[in-house]
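Chemist: One structure follows; several queries about it will come next.
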Amino acid sequence: MNSSATFRAVKLSPWIPVGLMVAAMALIWWNSAGNPLIGWRHFEPAGQQSYLLSKIAGLTGIVLLAFQALYAIWKPLLPKRLQLSRVGHIRLGVLVVVTILLHVILFFVAAWIRQQHFPVALLMPDFGHGFYKTGLSLGLIGLWGMLLVLYLGMALASRPGNRLKRLHALAMLMVAPALVHGAMIGTEAEHPVMQVFGLAFVLLCILGAANRVTHR
């Protein structure tokens, strides 16, 4: 293998586990939803197609979001050859937000079809009407947080500075509600693979944070 091919392989290596996890999410979704093509032929209940597509977009978004968060925590400890470029980091952030937005839009479309009117109530957090509403509200707050992170990241790219960098890092904490939202009301959250994924994510976050404090 020549040096150019070796360099490309090293650059691609961090994406391999991400690709495997996205593939695993797709299999979990298929197992949970059954054959979605049947739902498209016999669409009962109303809006089921959009709901099923919303779920796979959400699962994909969770994987990308978790990878982005872990990368942000572990980046200072990674060798240079495994670090994303600034442009690569921004592109990943945009991909995360686009995927999550697709999840939200498809969910709203499904609710709109089922309720036969635009679900205005879903646009505002509501923590006083049960477990499910609380989970939806956390997801909405997580979406706002991700949009803030994206905005600060793009501002940081155009105007580098310590203050913006600290704000961007602090804003990463606002994506936590989105992850809790998935764990609370995601149909697939009880799947063993999802539980292992969630546990591994929490442990890696704790280890990464502890290592960063230790190596300051």
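Chemist: Round to the nearest 10 and give me the degree value, 0 to 90, for the angle of helix 176-185's Cα axis relative to the longest principal axis of the chain.
Modeler: The answer is roughly 40 degrees.
Chemist: Just check the chain against the gyration tensor rule for me: Cα atoms, a ≥ b ≥ c as the square roots of the eigenvalues, rounded for a/c under 1.5, and otherwise prolate or oblate depending on whether a/b exceeds b/c.
Modeler: prolate
Chemist: Got a number for the accessible area of Ile16? Probe 1.4 Å, square angstrom, nearest 10.
Modeler: 100 Å²
Chemist: Would you calculate, for the chain, the mean residue ellipticity at 222 nm contributed by helices, counting each DSSP H stretch of 4 or more residues as -39,500 (n - 2.57) and dividing by all residues, to the nearest 500?
Modeler: Dividing the helical sum by the residues of the chain leaves -25500 deg cm²/dmol.
Chemist: To the nearest 10 square angstrom, what accessible area does Leu52 show with a 1.4 Å probe?
Modeler: Rounded to the nearest 10, the figure is 10 Å².
Chemist: Roll a 1.4 Å probe over the protein heavy atoms and report the accessible area of Tyr51 in Å², nearest 10.
Modeler: Its accessible surface works out to 60 Å², give or take rounding.
Chemist: While we're on this one: Which is farthest toward the positive dipole end of the chain among His215, Ala110, Ser137, measuring Cα position about the Cα centre, with Cβ charges +1 (Lys, Arg) and -1 (Asp, Glu)?
Modeler: Going by the Cα projections, it comes out as His215.
Chemist: Same structure, new question: What do you reckon, how do Met21, Met174, Met146, Met124 stack up by accessible area (1.4 Å probe), largest on top?
Modeler: If we order Met21, Met174, Met146, Met124 from most to least accessible, we get Met124, Met174, Met21, Met146.
Chemist: A further question follows. Does anyone have the angle between helix 131-158 and the longest principal axis of the chain? Alpha-carbon axes, 0 to 90°, nearest 10?
Modeler: With both axes taken from Cα atoms, the answer is about 40 degrees.
Chemist: Quick check for the chain: number of Lys pairs with alpha-carbon distance under 26 Å, counting only pairs 8 or more apart or on different chains?
Modeler: Eligible lysine pairs with Cα atoms under 26 Å apart amount to 6.
The values are calculated or read from the model by the stated rules, or taken from the named source; none is laboratory data. All values derive from a computational prediction rather than experimental measurement. All Cβ positions, even for glycine, are placed from backbone atoms using ideal geometry, and neighbour counts span all protein chains on display. Side chains are part of the model used for accessible areas, which takes the heavy atoms of the whole protein and leaves out ligands, DNA and RNA. Shrake-Rupley method; radii C 1.70, N 1.55, O 1.52, S 1.80 Å.
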